[in-house]
Amino acid sequence: MKKILAVDDEKDILFTLEAVAEAAGFNITTTSLGTKALKYIKTEKFDLLMIDYHMPDINGLKLVKEIRKINKSIPVLVLTVDESLDLAEKFLNAGADDFANKPIRTADLISRINLHLNYNDSKYYFPDNINRLDIPKGMSLKTLKIIYNYLNEIQSPKTIQEISNKTNLAYQTVHRYLNFLDEQNIARVELDYGKVGRPIHKYELK
């Protein structure tokens with residue numbers, strides 16, 4: 001049984017996460033303190049971490065940084081109600097893998113957890129020249145492969161939300177990685193002006 005550690009200062013959220021874990025067959029340990037989470041990580045083996053941003057003793061951003069000093073590979077999902085891309089960038093730079101937005105939707109959260117727990121590198125096509133990219137700090141080759149693989153399969157450009165829905169990665173995560181692929185001249189963005197309002201950004205491989 002996969003072991004998950006969840007850190008959140010809201011008891012109702014922890015109760016919800018425990019119910020989700022029971023429904024999905026995960027073994028979950030919960031705590032409301034970041035310092036206690038660090039002690040757990042040093043003494044026990046977990047398969048995935050879920051971390052809130054707001055906590056009474058240490059904020060989630062600092063906690064992710066401390067966790068990465070102890071374990072560089074364990075998947076870290078950030079629980080957040082803040083969809084700010086600036087905050088997401090800080091978390092990804094600190095070493096977070098993905099986000100799970102509040103309020104928690106059980107099916108979406110289970111899908112996202114399973115994506116990271118059951119990642120199998122052999123499932124994803126990734127050319128050697130892209131495999132040698134100098135990936136920025138905080139970004140993972142695993143997540144890049146998931147997004148690249150999806151882009152390689154589509155027949156027409158897709159929005160960030162569409163890519164997020166199909167890959168089971170959070171919007172903020174997809175946005176960061178698409179920007180990187182665009183900067184590397186691997187993906188391109190197409191502006192769909194539609195009938196009214198701002199143009200919609202759609203992405204595909206070059």
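Want the number for Ser122 to Lys142: 0.36 nm per residue separation, take away the alpha-carbon distance, what's left?
6.1 nm
With runs of 4+ DSSP H residues as the only contributors, calculate the mean residue ellipticity of the chain at 222 nm using -39,500 (n - 2.57) per run, divided by the residue total and rounded to the nearest 500.
-14000 deg cm²/dmol
Specify the residue with the greatest mean-square fluctuation among Ala187, Ala23, Ala37, computed from a Gaussian network of the chain linking alpha-carbon atoms under 10 Å apart.
Comparing Ala187, Ala23, Ala37 in the GNM, the peak value goes to Ala23.
Residue by residue through region 56-62, what is 3J(HN,Hα) from phi via Karplus (6.51 cos²θ - 1.76 cosθ + 1.60, θ = phi - 60°)? Round to whole Hz and write x for glycine and proline.
Calculated HN-Hα couplings, in order: x, 10, 8, 6, x, 5, 5 Hz.
Would you list which aspartates and glutamates come within 19 Å of Lys202, measuring only between C-alpha atoms, while excluding same-chain residues fewer than 8 positions from it?
Partners within reach: Glu153, Glu162, Asp182, Glu183, Glu190, Asp192.
Name the long-range amide H neighbours of Ala187: under 5 Å, sequence gap of 5 or more, or other chain; modelled H, no Pro or chain starts.
Amide H neighbours of Ala187: Asp182, Lys206.
Holding the Cα-Cα limit at 22 Å, pick out from Lys45/Lys102; Lys36/Lys69; Lys42/Lys102; Lys3/Lys39; Lys11/Lys142; Lys2/Lys90 the pairs that are longer than that.
Result: Lys45/Lys102; Lys42/Lys102; Lys11/Lys142; Lys2/Lys90 exceed 22 Å.
Taking H as built 1.01 Å from N, whose amide H comes closer than 5 Å to the amide H of Ile28, not counting residues under 5 places away?
For Ile28, whose amide H was placed from the backbone, the distant partners under 5 Å are Ile4.
For Cα Rg over 2.2 N^0.38 Å, several values are listed as (1) 1.64; (2) 0.97; (3) 1.04; flag the one computed from this structure.
Structure-derived value, by its label: (3).
Taking the alpha-carbon centroid of each part, what is the distance from region 135-206 to region 50-73 in angstrom?
Region 135-206 and region 50-73 have Cα centres separated by 27 Å.
Is the shape of region 3-117 best called rounded, prolate or oblate, per the rule: a/c under 1.5 gives rounded, else a/b larger than b/c gives prolate, else oblate, with a ≥ b ≥ c the square roots of the Cα gyration tensor eigenvalues?
Cα axes put region 3-117 in the rounded bin.
Throughout, read-outs are computed from the coordinates displayed, never taken from laboratory work. Predicted model only: the values in this text are computed from it and were never measured.
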